[in-house]
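K.L.:
Have a look at this one.
No value in this document is a laboratory result; all are computed from the given coordinates. No experiment lies behind these values; they were computed from the predicted model shown. Cβ placement follows ideal geometry from the backbone for every residue including glycine, while neighbour counts extend to all protein chains displayed.
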Amino acid sequence: MSPRLRILLGLVLIAALIAPLLPLALWSVARGWFFPQILPANWTIEPWMQAFAPRSEIPSALATTTLIALAAAALALALGIPAGRALGLYRFRGKALVELALLAPVIVPGIAVGLGIHGVFLRLGLTNSVPGVVLVHLVPTLPYVIFVMSGVFANYDAEAEAQARSLGARPLQVLWHVMLPAIAPGIVVAGLFAFLVSWSQYILTLTIGGGRVVTLPLLLYAQAGAGRNDQAGVLAMLSLGPGLVILALVARQLTGRGMAIGGTR
Amino acid sequence: MTRLTLNDLHLRHPGAERPALDALSLEVGNGEMLALLGPSGCGKTTALRVVAGLIAPDAGEVRFDGVSVGHLPPERREAVLVFQSGQLFAHMDVAANVGFGLRMQRRPKREIARRVAEGLEQVQLGDLGHRRPHELSGGQRQRVALARALVLKPGLLLLDEPLSSLDAHLRTEMRALIRRLQRETGITTLVVTHDQEEAAVLGDRVALMLGGRIHQIGAGATLWNRPADLEVARFFGGCNFIPGRSSGGAFDCALGQLALPHAAPAGAGCLTLRPEAIETGEGENAVTLRVIETRFEGLLTRITAEVAGLRLEALMRAGAARGATPGQDIRWRLPREALWVLPGV
């Protein structure tokens with residue numbers, strides 16, 4: 001492929017990705033924007049002022065969403081790193097079945113999973129609460145973490161740990177000084193993915209949170225449904241923020257230190 | 001410095017047909033360098049890992065200075081294992097790698113820096129402390145791995161095929177370095193190798209391990225020239241085995257009566273001699289054979305000859321091999337000192 005064609009294709013791709021977002025961005029700074037007009041007639045920051053006004057739900061939703069996403073990502077990492085290690089390093093009977101079961105939540109519709117879990121959580125008193133939402137967010141986040149980490153561990157040489165032990169490192173020291181640094185890039189990628197997946201959850205948050213736990217996606221759907229294009233625009237821009245930041249971070253991880261993922265060899 | 005005793009070790013890997021260690025017993029003296037020699041899959045690396053504490057044996061005991069260490073985890077054993085691949089930590093520079101063990105012991109920073117510098121000096125890498133492992137050559141990596149073990153001043157150094165990943169010319173250099181460092185530090189060393197030459201050069205003694213147990217232990221030349229059994233002889237490239245009976249310093253066989261060296265075992269057995277020990281010409285133990293085949297093998301030529309249904313192989317240099325033409329008779333001398341009897345075979 002010629003360099004010129006490649007650049008052209010790249011531009012087309014970028015345009016295709018950005019184009020749908022443009023109207024949203026414009027909505028958040030437009031006053032009166034009607035059909036024949038290509039650009040809004042008047043510009044304003046009124047929607048943004050409204051969004052962060054004292055009585056607005058948006059700031060607290062922003063905080064809740066961030067908190068839930070952080071907690072869900074942390075929990076998914078805590079569970080997904082050991083699971084990924086087991087799947088990446090060892091061969092055992094029924095491994096394919098375990099892998100399938102772990103990835104099933106990605107395939108099964110969220111609403112089905114959510115309704116099933118709702119019954120259980122109801123009995124446990126976890127519905128309508130932030131902890132309940134964090135836990136249910138593990139359903140979509142954990143498979144991503146396990147998937148990324150098992151890939152990282154498949155390239156990880158556990159002999160390095162045996163070497164460290166022989167050099168006098170205790171098991172926790174091995175974990176901290178040998179394993180974690182070797183898989184750190186993978187942890188970053190997996191954690192960011194988990195954060196993003198949790199950040200944009202709608203169905204599971206709604207079913208388990210019962211409308212009491214208000215996150216950005218919930219507000220976004222509500223405002224879009226109510227025809228408040230200006231508020232929907234603001235919410236869409238806010239929702240986009242972490243994604244862009246994370247994309248920038250991960251892109252550096254993936255390209256700048258390409259070797260970093262994949263371990264110690 | 002530590003005296004290592006392995007006592008009747010048994011180990012079978014799960015699902016394996018044959019045991020990896022089969023009644024393995026071995027003693028490495030204080031300050032000695034013992035080469036554990038064997039073909040791949042003979043259990044020698046497993047033995048090393050058992051000593052390091054990375055694998056627990058099914059039965060048997062590992063003793064350091066007479067004290068059993070079976071209950072100690074690897075990090076609390078006096079032994080440090082240097083892995084075949086070097087196993088440098090990729091996320092640390094060379095100095096951090098060498099200082100790893102000392103950091104794990106929480107030594108003062110200044111002491112670590114001093115000992116790391118000394119350690120790198122010992123392996124002639126004094127100025128490479130800031131390099132990353134992937135910036136090093138194979139030989140340098142191996143030297144860093146060695147320094148990383150030596151800075152800990154272990155009682156026992158375990159080397160797993162330390163030269164196998166190196167080019168031929170680096171191997172000689174590294175071999176000399178290991179030998180020198182072992183002499184200087186006096187650390188009891190167990191080195192595992194599949195290379196006979198390496199074992200002979202590195203080891204004060206060589207232990208030949210086959211099928212999970214030690215077949216023979218002694219000086220390199222002894223194993224080479226005075227094998228204890230058929231497997232040992234075969235491992236060292238022995239290919240001439242002549243059945244017969246040894247008595248009174250002579251061996252009766254299809255070739256006639258051959259004079260044996262002093263202290264050769266008596267009784268029915270198998271006469272063996274190394275192919276390169278055979279000489280052309282007349283003298284004691286001279287026999288006539290018919291040449292069957294000659295094969296050029298570089299430095300040496302392998303000549304197969306036959307008499308009375310018995311085949312002998314000889315490895316000779318170009319000059320001596322020139323006279324051998326397939327189909328012709330040839331006179332070979334089997335030097336008395338090169339003969340050995342494997343009893344009961």
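K.L.:
Could you give the dipole magnitude of region A:62-260 about its Cα centre, charging the beta-carbon of Lys and Arg +1 and that of Asp and Glu -1, in debye to the nearest 20?
P.N.:
On the way: 11 positive and 5 negative charges, 50 e Å.
So the dipole magnitude of region A:62-260 works out to roughly 240 debye.
K.L.:
On a 0 to 90 degree scale, rounded to 10, what angle separates helix A:216-225 from the longest Cα axis of chain A?
P.N.:
It works out to around 30 degrees.
K.L.:
Work out the FRET efficiency for A:Arg31 and A:Val108 from their Cβ-Cβ distance, taking R0 = 45 Å, and round it to the nearest 0.05.
P.N.:
FRET efficiency, A:Arg31 to A:Val108: 0.55.
K.L.:
Arranged from highest to lowest average of other beta-carbon atoms within 10 Å per residue, in what order do the peptides A:9-21, B:177-189 appear?
P.N.:
Values: A:9-21: 9.9, B:177-189: 17.6.
Sorting A:9-21, B:177-189 by mean packing, highest first, produces B:177-189, A:9-21.
K.L.:
Taking just the C-alpha trace of region A:138-256, give me its Rg and Dmax in Å.
P.N.:
19.7, 66
K.L.:
Determine the principal axes of the Cα atoms in region B:1-142, then give the extent along each, sorted from largest to smallest and rounded to whole angstroms.
P.N.:
For region B:1-142, the Cα spread along each principal axis is 47, 30, 26 Å.
K.L.:
Return B:Arg12, B:Arg114 ranked ascending by Cβ neighbour count within 10 Å, so the fewest neighbours appear first. Intermediate values should be presented prior to the final figure.
P.N.:
On the way: B:Arg12 15, B:Arg114 12.
In order of increasing Cβ crowding within 10 Å: B:Arg114, B:Arg12.
K.L.:
Among B:Gln87, B:Ala113, B:Leu37, whose Cα sits farthest toward the positive end of the charge dipole of region B:23-155 (+1 at Cβ of Lys/Arg, -1 at Cβ of Asp/Glu, about the Cα centre)?
P.N.:
B:Ala113
K.L.:
What is the helix-to-structure angle for A:3-18, meaning the angle in degrees between its Cα long axis and the longest Cα principal axis of chain A, kept from 0 to 90 and rounded to the nearest 10?
P.N.:
It works out to around 60 degrees.
K.L.:
Over the alpha-carbon set of the protein assembly as shown, divide Rg by the Kirkwood Rh and report the Rg/Rh ratio to two decimals. Before the final figure, lay out each step's value.
P.N.:
Values: Rg = 36.0 Å, Rh = 30.5 Å.
Ratio of gyration radius to Kirkwood radius for the protein assembly as shown: 1.18.
K.L.:
Taking only Cα atoms, what is the 0 to 90° angle, nearest 10, from helix A:110-124's long axis to the longest principal axis of chain A?
P.N.:
80
K.L.:
Across peptide B:78-90, what mean number of C-beta atoms from other chains lies inside 10 Å of a residue's C-beta?
P.N.:
Numbers: counts 0, 1, 4, 5, 3, 6, 1, 5, 1, 12, 4, 9, 9.
That works out to 5 on average.
K.L.:
Per 0.36 nm of contour for each residue apart, how much would the distance between B:Ala219 and B:Asp204 grow if the chain were fully extended, relative to their Cα-Cα spacing?
P.N.:
Here the answer is 4.7 nm.
K.L.:
Listing A:Val188, B:Val191, B:Val50 from the residue with the fewest other Cβ atoms within 10 Å to the one with the most, what is the order?
P.N.:
A:Val188, B:Val50, B:Val191
K.L.:
Extension gain A:Ile18-A:Leu89, at 0.36 nm per residue separation less the Cα-Cα distance, in nm?
P.N.:
Working: separation 71, 0.36 × 71 = 25.56 nm, distance 3.98 nm.
Computed gain between A:Ile18 and A:Leu89 is 21.6 nm.
K.L.:
Based on DSSP, what percent of beta bridges with both residues in chain B are antiparallel, to the nearest 5? Before the final figure, lay out the partial values.
P.N.:
Working: 59 of 77 bridges.
Roughly 75 percent of the DSSP beta bridges within chain B come out antiparallel.
K.L.:
With Cβ to Cβ distances under 10 Å as the rule, what net charge do the other residues near B:Arg3 carry (K, R +1; D, E -1)?
P.N.:
Summing Lys and Arg as +1 and Asp and Glu as -1 gives -2.
K.L.:
Residues with beta-carbon under 12 Å from that of B:Glu284, excluding B:Glu284: net charge, scoring Lys, Arg +1 and Asp, Glu -1? List each step's numbers first, then the result.
P.N.:
Details: positive: B:Arg333, B:Arg336; negative: B:Glu279, B:Glu282, B:Glu337.
Residues near B:Glu284 contribute -1 overall.
K.L.:
Does chain B come out rounded, prolate or oblate by the C-alpha gyration tensor, with a ≥ b ≥ c the root eigenvalues, rounded set by a/c under 1.5 and, if not, prolate when a/b is larger than b/c and oblate if not?
P.N.:
Prolate is the answer for chain B, as a/c is 1.5 or above and a/b outweighs b/c.
K.L.:
Normalise the Cα radius of gyration of chain A by 2.2 N^0.38 Å (N = residues in it) and let me know the number. Walk me through the numbers on the way to the answer.
P.N.:
Details: Rg = 22.2 Å, N = 265, 2.2 N^0.38 = 18.3 Å.
Normalised Cα radius of gyration, chain A: 1.21.
K.L.:
Out of all DSSP beta bridges in the protein assembly as shown, what portion is antiparallel? Express it as a percent rounded to 5.
P.N.:
Numbers: 61 of 79 bridges.
Of the beta bridges lying entirely in the protein assembly as shown, close to 75 percent run antiparallel.
K.L.:
Return an integer: the convex hull volume of the alpha-carbon atoms of region B:199-288, in Å³ per residue. Working shown, then result.
P.N.:
Numbers: hull volume 10.4 nm³, N = 90.
That works out to 116 Å³ per residue.
K.L.:
Which FRET efficiency value, to the nearest 0.05, is calculated for B:Glu276 and A:Glu159 with the Förster distance at 45 angstrom and r the Cβ-Cβ distance? Let's see the in-between values first.
P.N.:
Values: r = 39 Å, r/R0 = 0.87.
Computed FRET efficiency for B:Glu276 and A:Glu159 comes out at 0.70.
K.L.:
Within 10 Å of each Cβ in peptide B:103-113, how many partner chain Cβ atoms are there on average? Round it to a whole number, please. If you can, show how the numbers build up before the last one.
P.N.:
Numbers: counts 5, 9, 3, 1, 0, 0, 0, 0, 0, 0, 0.
Per residue, the average neighbour count from other chains is 2.
K.L.:
Taking each residue in A:154-166, count the Cβ atoms of any other chain within 10 Å of its Cβ, then average. What number comes out?
P.N.:
The mean count of partner-chain Cβ atoms within 10 Å per residue comes to 6.
K.L.:
By counting other Cβ atoms within 10 Å of each Cβ, how are A:Ile81, B:Ile217 ranked from fewest to most?
P.N.:
Working: A:Ile81 24, B:Ile217 20.
Ascending number of Cβ neighbours within 10 Å: B:Ile217, A:Ile81.
K.L.:
Over chain B, what relative contact order in percent results from Cα pairs under 8 Å that are six or more residues apart? Present the calculation step by step, with values, prior to reporting the outcome.
P.N.:
Details: 763 pairs, mean separation 57.2, N = 345.
Relative contact order for chain B comes out at 17 percent.
K.L.:
Let me ask you something else. Stick to the Cα atoms of region B:238-343, pair each with every other, and give me the Kirkwood hydrodynamic radius in Å at one decimal. If you can, show how the numbers build up before the last one.
P.N.:
Details: mean 1/r = 0.0725 Å⁻¹.
13.8 Å is the Kirkwood radius here.
K.L.:
Could I ask something else about it? Just the ratio, please: alpha-carbon radius of gyration of region A:125-192 over 2.2 N^0.38 Å, N its number of residues. Before the final figure, lay out each step's value.
P.N.:
Working: Rg = 16.2 Å, N = 68, 2.2 N^0.38 = 10.9 Å.
Against the empirical 2.2 N^0.38 Å value, I get 1.48 for region A:125-192.
K.L.:
Another question about this same structure. Have a look at A:Ala83, A:Ala51, A:Ala71 and report the one farthest towards the positive end of the charge dipole of region A:24-105, computed about the Cα centre with Cβ charges (Lys/Arg +1, Asp/Glu -1).
P.N.:
Selected residue: A:Ala83.
K.L.:
Contour minus end-to-end for B:Arg183 and B:Arg234, with contour as 0.36 nm per residue of separation and end-to-end as the Cα-Cα distance?
P.N.:
Details: separation 51, 0.36 × 51 = 18.36 nm, distance 3.17 nm.
Fully extending the segment from B:Arg183 to B:Arg234 adds 15.2 nm.
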